[in-house]
Each structure stands twice: as C-alpha cells, then as structure tokens.
C-alpha cells in the first residue's frame, strides 16, 4: 500500500491493474465509500500509481472550489441523481467577462487534471459566454451573467438538491 501525504494511515492506494474490455485499468483498493475498487481508471490517464482517487462528489467539490479560486460568482452544485440519466451533478458558476470565464475554465481543468481526471468534451471556448466541461459523471457550466440569466438552468433543474458553494471556503479541507 502506498501511503499518501496528508491522508490518514490506511487510505493509501493498493496498486493493481485490471483488464476490462481490452483496456488496462489502474484499480485503487480502499473503503466502500470510495466506490467499489475506488473507481477503475484507465492506466494511460493516471500518471502516478500512488494517485489517490476521489469520489464523484469530491471531484465535483474540487471543481467548484477551483472555480472559487478564480473568484467565480454564485457557485452552485446540483445533485441530479434520480432526475437525469445523462449526468449525476452540475456545477454552475458565473464569470464576469470572457477572460474571467476562460481563467475559471483553465483552473478547473488544471486542478482536476492533477487528480488524473480530464474532460470528455468541452464546448464554448471560442465565445466564452457559456463554457461547458463534460466529465461524464458531472458537468461544469461557466456562464457570463447575461447568458446564465437567459438559460436559467436553476429554474430548469429546480427539483434538484442544490448546494451553494461559498467563494470563501476553507482551503485546508
């Protein structure tokens, strides 16, 4: 077991590789809270065998806090379990200008890439009125204020559990 700095003893990674559908995956053993076998990740996307694999919810919060690091406004996490078969979570936030939206996008991408997670698809990078980063299990929406108001995803997904993320969060967590 690899022990990871800043993590309690026993939460490291048991390095193992599994073959599934012709692809080689890195399997990280751990508690059931970290999903069965802590999610199977393609070996090619994990740069460090000792990488700690986060749960979906932890990755969603990581994306939200990355947006907060770049001063995104009105950050909300929508839990879409039971409401959508497309994804489990939305992270919705606002950037004031196109440059601000791009900076938020870059920070979210950087921090999730450090966790070995890359988007499946990204849209809207040229105009930057609305950038959509699709990570399959969750989608990050970064809007400019007028576009966010026009599409009003909060109203469309009003039945979802909504968690508001403060721009001032505890960085130590």
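Scanning region 103-123 for residues that are in contact (Cβ under 8 Å) with a residue 12 or more places away in the chain and either over 17 Å from residue 69 (Cα atoms) or not assigned by TED's automatic domain parsing to the domain that holds residue 77 (or both) returns 116, 117, 118, 119, 120, 121, 122.
Tallying residues that are within 17 Å of the chain's Cα centre (by Cα) and over 15 Å from residue 72 (Cβ atoms) within region 114-138 yields 15. Listed by position, the strands (runs of 3 or more DSSP E) inside region 44-156 whose residues that are touching a helix residue (DSSP H, G or I) at 6+ places or on another chain (Cβ under 6 Å) and at negative phi number at least 2 are 73-79, 89-94, 130-134, 138-143. Criterion first (surrounded by 17 or more Cβ atoms within 10 Å (Cβ to Cβ), within 10 Å of the chain's Cα centre (by Cα) and at pLDDT 95 or above) does residue 109 satisfy it? Yes: the conditions hold for residue 109. Restricting to region 151-167, what's the tally of residues that are over 15 Å from residue 88 (Cα atoms) and free of Cβ contacts under 8 Å to residues at least 60 places away in the same chain? The total comes to 4.
The values are calculated or read from the model by the stated rules, or taken from the named source; none is laboratory data. Here the structure is a predicted model, which means the values were calculated and not measured. Quick reminder, even Gly has a Cβ in these numbers, built from the backbone with ideal geometry, and neighbours come from all protein chains shown.
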